[in-house]
Structures are given as C-alpha cells and as structure tokens.
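Q: I have a structure here, written as structure tokens, and I will follow up with some questions on it.
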Amino acid sequence: MPDQTTDGGLVAALETLAAAPRLLVALDFDGTLAPFADDPSQVGALPGSWAAVLTLQRARDTEVVLVSGRPLGSLAAVSHAPEGMALIGSHGVEWRVDGHDEDALTPDETARVARIGAALDEVGARHPGVVIEHKPAGHGVHTRRVSADEAAATNAEASRAAHDADADVLERGGKDILEFAVRHVTKGDAIERLRALRGADAVFFAGDDVTDEDAFRVLHDGDVGVKVGEGETLATHRVADPAALTDVLKQLARARATR
C-alpha cells in the first residue's frame, strides 16, 4: 500500500468523501493524532492535525469522534476535546456523546475487573519498568520502558495470570501494550453504532494499532480508512506517521469546508 500523502488515490478518495451529505470522521488518538511518549499523560495531538480536526468539527453535517483504547477520562484530559465532540474510550466500552456518559458495568463485570486487576498488579510488581494501567472495563500491561525480552516474558506471565483469574477475559495485543477486558466490544462495534446513530453516509477512520483493524474491517465501499505507520492492515490507504496524517486531515478539512 502507498505510504505517502501524495498518493493520488488517497487525494481523489478524500475529495469524493468530502462531498458526502453526512460525514463521520473517527480518529484514534495515540500514535495517530499524537506521537507516542513514554509518559502517556504527556502526549498531545500535533497542532496541525488538531486544527484540522476542529475545522472538521465546525463543518456542516460533519461529526468528529475520538475512538481510543484509553479510558474516557484520560482521553478527555490529553485531547482537550471541546464540549460537544464525541469521545469513545476503552475500545468502545465508554461513550461521551451528546453530553451523556455511558459506561455502566454489571456487578458481575465489576467483580471480574477487580479480580483481573489484582492478578496483574502482582505481575507488575515482579517486573520493574512495567506499568499496569487500570481501566473501567479492564487493564493494560504497558511494556514500552522495558527490553523486548522482558516485555515478552511479562506478557506471557500476564496472560496466564489474567486467564487464571477469569477464563472469559478478552485479550488484545497492541504497540507495547497487552490489554485484558471483560466486555467484548471493539472499535469496529463503535464505528457501526455511530454510523447508525448519526445516519452517516460515509466514514473516515484513521488509526495506527492492531485494535484499529476492527474499525477498518467494518468500513463500507466509499469510506476511507488510513493506516498510520507500518504493519499489515485492512485500511485502503497508508501514511508514514502522525505528521503525515496532518496533511491528510488538512486536505479533508479544506474539501469539506468548501463543498
């Protein structure tokens, strides 16, 4: 697949997409709008990308939503999303749409999350540099700060511990993170629900991680999916990094504003 924003096919696809009567623009955050950082609380969207996002948010018949693996509160904090912008966290478990938050777990799910978290905390304590992130519907094992060998050993141990604590836990791998959740919801589920909720005629989605493939998988003919970075993908187009995505978002924002 192409890896430059000058790809003629992507340019043409964006122009066609911008003419859709109702457009949904869905974006992953970390690794897509924002470069990765060792401290997840210190990341921020690239200024050019965020300016384009805000332009799209103001465009007529256009909805922008951030769809992230981060917990909703963390996503809101690092994105500084304006009031009215839809946010979806924890891979689709948590929603903030139309001023309403939705994330209620059942008592059984809450108990399962606690059991898995306790087991993973024990694993983290045995591996300095590994960070266990606790989320509303699950947990993440972050290995960005350790060697590849240490990450592999930690992930194997964490997988065993989580599945021993809960046989039905959902395990998802990502970039320097292994995640465990109690609710089987994906970014693809979120995109499909949003499309129906907003009556979108077309969807633009950009993401960089394995978990974003669930969203690329549900895109329709006429939608545009952009993979950010390397790796196998179902996306229709690819750019090299978040900086390259800035140019894509700027082009979409200009085309949408002048349609």
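The values are calculated or read from the model by the stated rules, or taken from the named source; none is laboratory data. The structure displayed is predicted, hence computed values, not measured ones. Ideal geometry is used to build each Cβ from the backbone, glycine not excepted, and the neighbour counts take in all protein chains shown. Areas reflect the complete protein model, heavy atoms only, side chains present, ligands, DNA and RNA absent. Shrake-Rupley method; radii C 1.70, N 1.55, O 1.52, S 1.80 Å.
Yes/no per residue for (1) under 20 Å from ARG96 (Cα atoms); (2) within 19 Å of the chain's Cα centre (by Cα):
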{"position": "LEU10", "(1), (2)": "no, no"}
{"position": "GLU15", "(1), (2)": "no, no"}
{"position": "VAL25", "(1), (2)": "yes, yes"}
{"position": "ASP30", "(1), (2)": "yes, yes"}
{"position": "PRO40", "(1), (2)": "no, yes"}
{"position": "VAL53", "(1), (2)": "yes, yes"}
{"position": "ARG58", "(1), (2)": "yes, no"}
{"position": "THR62", "(1), (2)": "yes, no"}
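Q: Report yes if SER49 is over 23 Å from THR233 (Cβ atoms) and either among the polar types (S, T, N, Q) or out of contact with any His (no Cβ under 8 Å at 6 or more places or on another chain) (or both), otherwise no. Give the derivation first.
A: Working: over 23 Å from THR233 (Cβ atoms): no; either among the polar types (S, T, N, Q) or out of contact with any His (no Cβ under 8 Å at 6 or more places or on another chain) (or both): yes.
Spelling it out, it is not the case that SER49 is over 23 Å from THR233 (Cβ atoms) and either among the polar types (S, T, N, Q) or out of contact with any His (no Cβ under 8 Å at 6 or more places or on another chain) (or both).
Q: Also: So which residues in segment 132-146 are part of a loop (DSSP other than H, G, I, E, B) and either within 27 Å of PRO107 (Cα to Cα) or open to solvent by less than 50 Å² (accessible area, probe 1.4 Å) (or both)? Steps first, please.
A: Start the filter on segment 132-146 by keeping residues that are part of a loop (DSSP other than H, G, I, E, B), which leaves 136-137, 143-146.
Matches in segment 132-146: PRO136, ALA137, THR143, VAL146.
Q: Listed residues VAL226, VAL210; which is under 15 Å from the mean Cα position of the chain (by Cα) and open to solvent by 40 Å² or more (accessible area, probe 1.4 Å)? I'd like the intermediate steps shown before the answer.
A: Values: VAL226 fails: open to solvent by 40 Å² or more (accessible area, probe 1.4 Å).
Checking each option against the conditions leaves just VAL210.
Q: Could you say whether any residue in segment 79-93 is without any contact (Cβ under 8 Å) to a residue 12 or more places away in the chain, over 22 Å from LEU17 (Cβ atoms) and among the hydrophobic types (A, V, I, L, M, F, W, C)?
A: No: segment 79-93 contains no residue that is without any contact (Cβ under 8 Å) to a residue 12 or more places away in the chain, over 22 Å from LEU17 (Cβ atoms) and among the hydrophobic types (A, V, I, L, M, F, W, C).
Q: Please go through segment 29-49 and pick out each residue that is in contact with a strand residue (DSSP E or B) (Cβ under 9 Å, 6 or more places away or on another chain) and either aromatic (Phe, Trp, Tyr) or open to solvent by 10 Å² or more (accessible area, probe 1.4 Å) (or both). Don't jump to the end; show me each part of the working.
A: To start, the set of residues in segment 29-49 that are in contact with a strand residue (DSSP E or B) (Cβ under 9 Å, 6 or more places away or on another chain) comprises 29, 31-33, 36-37, 40, 43-46, 49.
If the condition is that a residue be in contact with a strand residue (DSSP E or B) (Cβ under 9 Å, 6 or more places away or on another chain) and either aromatic (Phe, Trp, Tyr) or open to solvent by 10 Å² or more (accessible area, probe 1.4 Å) (or both), then PHE29, PHE36, ALA37, PRO40, VAL43, GLY44, ALA45, LEU46 are the ones that fit.
Q: Going through segment 40-72 one residue at a time, which ones are polar (S, T, N, Q) and under 18 Å from PRO21 (Cα atoms)?
A: Restricting attention to segment 40-72, the residues satisfying the condition of being polar (S, T, N, Q) are 41-42, 49, 55, 57, 62, 68.
Passing the criteria: THR55, GLN57, THR62.
Q: Can you name every one of the strands (runs of 3 or more DSSP E) wholly within segment 169-259 that holds 3 or more residues which are at negative phi and touching a residue at least 40 places away in the same chain (Cβ under 8 Å)?
A: On the way: elements: 170-174, 177-181, 202-207, 224-228, 237-239.
Those strands (runs of 3 or more DSSP E) span 177-181, 202-207, 224-228, 237-239.
Q: Anything in segment 147-168 that is assigned to a helix (DSSP H, G or I) and touching a Lys or Arg at 6+ places or on another chain (Cβ under 8 Å)? List them, or say none.
A: Looking only at segment 147-168, we keep the residues that are assigned to a helix (DSSP H, G or I), and these are 148-165.
Within segment 147-168, GLU157, ALA165 qualify.
Q: Also, I was wondering about something else. Considering only residues that are without any contact (Cβ under 8 Å) to a residue 24 or more places away in the chain and over 24 Å from VAL131 (Cβ atoms), which ones fall in segment 8-49?
A: If the condition is that a residue be without any contact (Cβ under 8 Å) to a residue 24 or more places away in the chain and over 24 Å from VAL131 (Cβ atoms), then GLY8, ALA12, PRO47 are the ones that fit.
Q: Taking segment 157-192 on its own, how many of its residues are open to solvent by 10 Å² or more (accessible area, probe 1.4 Å), more than 30 Å from GLY225 (Cα to Cα) and of a type in the set (Gly, Ala, Ser)?
A: Residues in segment 157-192 being open to solvent by 10 Å² or more (accessible area, probe 1.4 Å), more than 30 Å from GLY225 (Cα to Cα) and of a type in the set (Gly, Ala, Ser): 4 in total.
Q: Against the condition touching a helix residue (DSSP H, G or I) at 6+ places or on another chain (Cβ under 8 Å) and open to solvent by 50 Å² or more (accessible area, probe 1.4 Å), how does ASP149 come out, does it pass? Walk me through it before giving the result.
A: On the way: touching a helix residue (DSSP H, G or I) at 6+ places or on another chain (Cβ under 8 Å): no; open to solvent by 50 Å² or more (accessible area, probe 1.4 Å): yes.
No, not satisfied.
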